[in-house]
Amino acid sequence: MNRFRLNPLWTIVMFLFCFACRTAEEKQLEMALQFAGENRSELEKALRYYHPHSGDSLKYKAVRFLIRNMPGCWGPDSSFTQSYQPFYDEYHDFMVRYPNQYFTIGKKIDSLWALKRATLPELEECGIPDVRHITCDYLIEETEAAFQAWQENAYCRNCSFEEFCEYILPYRRKNGLTADHARKSFYQRHHGLFYQNDSIARHGIPAFIRETDSLLYLYRHITHTRFYGNGIPVPSASVLEYLTKGVCEHRCWFNSLLLSSMGTAAAVDFVPAWGNRNSSHSWNVAIINGQSYAFESFWDNNRWKYKQIYNNKTYDKEWGSFRLPKVYRHTYSSHPTAPATNRRVRSEDIPPLFKNYKKKDVSTEYFDTVNLTLRLPEVPEETYYAYLCVFGYQQWHPVQYGEIRGNKVTFEGMGKDIVYLPAFYRNGEIIPAGHPFHLRPDNSLDILTPEDNRQNIAVNHVVGAPFYERNHKEVTYLALCRFIGSNSPDFSTADTLGEIPESVFMEAETLPIQTSGTYRYVRLISPCDTFAAGDIRFYSDTQSAPLPARILQCNYTPLSDADRPEYLTDNLAASCFKGKIRRGASRFIDFDLGKPYRLNCIGYALCITNGIIPDVEYELFYWQGGDWHSCGKRQSTEHWLLFTDVPSHTLYQLRNCNWPKRMERIFTYEDNEAKWK
C-alpha cells in the first residue's frame, strides 16, 4: 500500500518543483511525469490516447493541464473510508433515530467522536499523491465526462477553454477527497433536467440562478453540523450524503462537484480570517461569461447575496457588517508564490496559508483594495517577509505577505475598514512588527498607539458584530421613529425634523436635519409599543459636541430596573433604555435642550443589550508594546460596564473571566462608543 504522510519536506519538494517549472509548461509536464514514478506509464498512456494527431487536440491539452498540475494533489486510499465506515454507520443511525433534534444529535456525535477518534487514522496517514496513482482510464473517463457536460450546458458551453480547464474539468476539488466517480453519479441523476435549454439560457443570469437553485434545492437536506463533531473527516460526496451533516467547506466542494458534473464552471472562494469577526468562511462561485457569481453553499432563501454584503461597505439588515481582508479561490492549477518559493525561508517560518499554492487572490472581485507600504521599526536578521494579520479567537492570523526591502514592506490588495497588525513569523509564532492600525475606508491609516490623556470606557458586550444578529427586535424598536421640533413644551406647533430609516446600523448614526428653524424641544414619536435605544444625541450647527438635553416626558415604562430613561441623554451608547408604552398613552418621548438651537443633525444608537451578565467578572485590556495589558476587572448588576482612567487611542478588548471559549472581539473607542473590529 502506497501510503504517505504530509510533512514539511513534502511541502518543500512540491514548492521547489513548482517554482522550477512555473515558466514552462513542457518542463512542468515532464517534472510531473518524473515525479509519477511507476505510475508514469499510466499518465503517458492518457497523453497518447489524446495525441493531437488523433483529432482530439483540445482534449489533449486538457489532459496535459490535469497532469502538469497534478503534483501537490492528493487523496486517501480505499482503506480510509473502510476504517471509518463503522463510525459513519453509528453517525447515520443518530440522524435516523433523532430527526431534527440537533442538540441531542450533536451531543451524541461529540461523545462518539471523542471515543473513536483516537482509534481511527488521520486523513494524511492514508493519503496518496494523485500523480502516483491516478490511472489512464480514470483520466479518460473524467475528461470525456467533463467535455460532454461542458458542451451540453447552455450557459457555459461558450466559456473559454482556460475557464473550462480550471472550473469544469478537474476531478479534484480539494485535497483530502477520494478521487472517485461522484461527478458521473451526479450526471446520471440530473442529466437533461438542468442547463439544457438555449431559449431559457438567453434570459441570462436570472435564469441561471433559478435553475441552479432548483438543482441545489434537491440537496437542501444536507445541513450544517452546527460545529458538533468538529474535525470529522468527510472524504467523498457519498459520505456527506450519508451523514447529511457537514461544515461550509464540505458543502462547498460538494456543490462544486455537483455543478461541474453538469458542465457549470464552479469553484470555492474563502476568506482566511474575517476582519471583524472570529473564524473564516467558504462559499461557492459560478463563473458565467467570465464573471463570478457568489452564493451560499447551504440552502437558504437568500443565497446569492455575497457580492452585495462582502463589499466591505454594505450593512446587511440581518447579519450586520462583514469586513474581509482578503478573498482567495481554491484552484486545481498551481500558483506558487513567495515566501514558499524562496529557498532562504525555512518551512517553519511560513504561515500555513502561504504554503498552499493551489489558490489565487480574487479580492478585487468583491471589494475595492489598496496596496499598503509600511515602514518597519526594526527587521531581525535573516527575515525576508512580513505579514499583515487580523485578529480572531485571541490570535493574530496572517492574511497577506510582503517582501521586505530595506525597512519597508508592501502588502498588495488589502480590504479596507479593518484593523491590521504587521508581524513577522518565526517557528509558528506571530511576532508583532509594529503598531496595529485601522485602515480606513478613505485609505488613510489610524495608527493605534496609547496617548497620554486618559478616558472612560463604557461597554455592554464582548463579541462585536455577531451580537447584532441577536438584536433584530431592537432594530425594529428604533427604526422609523420620527422627530419633530417645537418651542412649545406641548408641541402645539411643530416642524418635522426627520425619520430614522428602516435599516439601523450597529454603530451610532446621525440623521441630517434640513429645516432652518431653531427649537428648544424635540419629540421622538415611535411606531411601536416598545421602544429601545442606546443614545439620542442632538447637534447644533455651531458646535461639534452633543447638546445637553434632558427627558421632559417619557410615556414608556422601563422594562427593568436597569432601563432608565436618562440613559438616552447620557452620551454613552452602551447604557441603554428599553420600555413599554403605558396603557392609553401616546408613543412619544420629549426632550428639552434648555434653549432654542438650530439643529444640524440628531444622533441615535441602537440598543445592544444582554451582553453583560450580572455578577460575572470582566476584565478590560488595551494593546501596547506588542501585547495586551489589563485595565482592571469589574462586575455589574446592570447591562453595561464603566472603566475609568483608561489609556486612549489604542486597541481594546473586554474579556469575560468565566468564559473559556475566548471569542471576545477587539474594538476602538471613539465618541463615547465602542467601534467593534
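The values are calculated or read from the model by the stated rules, or taken from the named source; none is laboratory data. These numbers come from a predicted model, not from an experiment. Because the Cβ atoms are built from the backbone with ideal geometry, glycine has one as well, and the counts that use them run over all protein chains shown. Just so you know, the surface numbers come from the protein's heavy atoms only, side chains and all, with ligands and any DNA or RNA stripped out. Shrake-Rupley method; radii C 1.70, N 1.55, O 1.52, S 1.80 Å.
Couple of notes before you dig in:
- Gyration tensor (alpha-carbon) shape descriptor, region 303-421, a/c threshold 1.5: prolate
- Using a cutoff of 8 angstrom between alpha carbon atoms and counting only pairs six or more residues apart, the relative contact order for region 20-66 works out to 23 percent.
- For region 21-69 versus region 536-594, the gap between their alpha-carbon centres in whole angstrom: 73 Å
- Tilt relative to the chain, helix 248-261 - C-alpha long axis, 0 to 90 degrees, to 10: 50 degrees
- Cross-link reach is defined here as a Cα-Cα straight distance under 28 Å, omitting same-chain residues fewer than 8 places apart; for LYS360 the lysines meeting it are LYS27, LYS59, LYS61, LYS174, LYS184, LYS305, LYS307, LYS313, LYS326, LYS408, LYS416, LYS677.
- Subtracting the Cα-Cα distance of LYS595 and ASN301 from their residue separation scaled by 0.36 nm leaves 100.7 nm.
- Over the chain: helical MRE at 222 nm, DSSP H runs n ≥ 4 each giving -39500 (n - 2.57), nearest 500: -7500 deg cm²/dmol
- Packing-based order for 323-333, 647-657, using average beta carbon neighbours within 10 Å, highest first: 323-333, 647-657
- Listed by chain and number, the aspartates and glutamates placed with their C-alpha closer than 16 angstrom to that of LYS580 are GLU474, ASP529, ASP561, ASP563, GLU566, ASP590; residues fewer than eight positions away on the same chain are left out.
- Whole-angstrom gap from region 336-352 to region 118-132, using each part's C-alpha centre: 24 Å
- Once you reduce region 602-675 and region 249-298 to the center of their Cα atoms, the two points are 35 Å from each other.
- Within the assembled protein chains, the solvent-accessible surface assigned to GLU499 is about 90 Å², based on a 1.4 Å probe.
- Which labelled figure in (1) 99, 62, 46; (2) 67, 66, 49; (3) 93, 62, 51 is Cα extents along the principal axes in Å, once derived from the coordinates: (3)
- Potential lengthening between THR314 and ARG210 on full extension [0.36 nm per residue; Cα-Cα distance subtracted]: 35.0 nm
- Considering only alpha-carbon pairs that sit under 8 angstrom and 6 or more positions apart, the relative contact order computed for the chain is 10 percent.
- Zone of LYS184's modelled label, taken as backbone nitrogen in region 147-174 under 14 Å from a point 7 Å along Cα→Cβ: 171
- Highest mean first, the peptides 434-442, 237-245, 507-515, 279-287 sorted by other C-beta atoms within 10 Å per residue fall in the order 279-287, 237-245, 434-442, 507-515.
- For region 538-656, averaging the sequence separation of C-alpha pairs within contact (under 8 Å, six or more residues apart) and dividing by the residue count gives a relative contact order of 24 percent.
- Length available on full extension from ASN453 to ARG97: 0.36 nm per residue minus the Cα-Cα distance, which gives 122.0 nm.
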